[in-house]
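Report on one structure; see the data block that follows.
Laboratory data are not the source of any read-out in this text; all were calculated from the coordinates shown. All figures in this text were calculated on a predicted structure; none of them were measured in a lab. Glycine also receives a Cβ, built like all others from the backbone with ideal geometry; neighbour counts cover every protein chain displayed.
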Amino acid sequence: MITSEWGGTKGGRNQSGKISRNELKNVLNALNIQVSDNELKQIMSQIDGDIESDKFCRVMGQTYFKKYTREELQDTFRKFDSDGSGYIQARELKTIMSGLGKRMKQNEIDQMIKSLDTTGDGQIRFDEFGQIM
């Protein structure tokens, strides 16, 4: 849990009450959030070195935990649904993952579909897609 006591044992190692760039990067890595040096610089400028829990949560929420509108989700879904069938099928998901630089075996793609497919039809519908976003 993040507290406003960054200077104590739960926060910044330098016990200054502020978080350094390195400490912030370590926190983000622990949350499995990968950031470039540029992104890290932007975050540091937003928090201005003071890292009380409410400020940290606000900045991180705005940056990494965006709530998408239905229209944004539909637009993204349509891009993934390359054949316009109204479903994301295994071959489309494989193409998407490949485009993201992730080479996946067919059984891995099938497992992803299965984990998202609440109806058991082997396809991802928009409402199922929306649940992961």
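What is the distance, in nm, between label points placed 7 Å from the Cα along the Cα-to-Cβ direction at K102 and at D127?
2.5 nm
Using Cα pairs under 8 angstrom and six or more residues apart, how large is the relative contact order of region 70-132, in percent?
Worked out over region 70-132, it gives 32 percent.
Sticking with the crude label model, points 7 Å out along Cα→Cβ, report the distance from K114 to E23 in nm, one decimal please.
The answer from the label model is 4.5 nm.
Can you tell me how region 94-133 classifies by the Cα gyration tensor, rounded, prolate or oblate, using a/c under 1.5 as the rounded cut?
oblate
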